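Before any comments, here is the structure.
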Amino acid sequence: MPIVSRGFGGRRRQPGVGLLPPGQYIVDDFPVLTAGPTPHTSLDDWDFTIVDETGSQVARWTWPEFRGLPAESITVDIHCVTKWSKLGTDWTGVSVDELLDGIETSAAYVVAFSDGDYTTNLPLSDVLDGQAWVAFGYDGGDLEAEHGGPARLLVPHLYFWKSAKWVRGLQLLNEDEPGFWEALGYHNYGDPWREQRYWGD
């Protein structure tokens with residue numbers, strides 16, 4: 001089985017800043033949209049796990065261990081499926097490349113799972129190569145719970161529902177499995193540049 005490691009897919013790339021996909025409008029605030037109540041997990045109970053395609057837990061970090069991993073500052077645009085975009089947002093987080101470094105897998109897909117039983121699915125190739133992070137900081141401070149804190153997935157090249165709030169781990173999969181919103185009719189991939197909002201787009 002191949003080993004997923006940093007630099008796995010080539011050169012890291014930073015998504016462009018200041019670009020507006022079709023059908024979007026710019027906001028200055030940070031709208032809060034959720035499908036249910038905001039979970040509040042104690043940092044003493046928080047952990048982040050990686051589960052491989054056999055169902056085995058292959059990595060786990062407590063909050064102090066997670067915060068001890070190498071972190072990056074990221075400036076990206078974010079685009080919500082409800083048509084708002086926020087440009088030049090500043091985050092701090094651990095790259096998914098770092099989290100998957102050294103893990104052996106033949107998986108082609110990944111599902112992010114979160115507190116509140118939320119899930120979202122992605123091709124594994126879309127979270128590697130400097131394209132995705134587990135972010136714990138926003139705009140110079142801790143990430144607030146209403147925006148997904150203590151940590152959320154950040155996948156800025158896709159619509160923002162793919163950046164799962166309150167994320168607690170990644171499940172590697174051989175076959176694609178639609179997540180929460182995807183099973184309710186949202187597009188399985190969610191590229192804002194192709195306006196992939198719903199099934200059939």
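All of the numbers you see were taken from the coordinates with simple rules; none came from a lab. None of these values were measured; they are calculated from a predicted model. With ideal geometry, Cβ positions are generated from the backbone for all residues, glycine too; neighbour counts draw on all protein chains shown.
So the values come out like this:
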| quantity | calculated |
| --- | --- |
| Segment 130-144 residues near the modelled Glu98 label - backbone nitrogen below 17 Å, point 7 Å along Cα→Cβ | 130-143 |
| Segments 140-153, 46-59 sorted - mean Cβ within 10 Å per residue, highest first | 140-153, 46-59 |
| Of (1) 58, 43, 30; (2) 42, 36, 34; (3) 57, 37, 31, the label for Cα extents along the principal axes in Å derived from the coordinates | (2) |
| Segment 150-201 - percent relative contact order, Cα under 8 Å, separation 6 or more | 30 |
| Rough spin-label spacing in nm, given labels placed 7 Å along Cα→Cβ, for Leu20 and Leu33 | 1.7 |
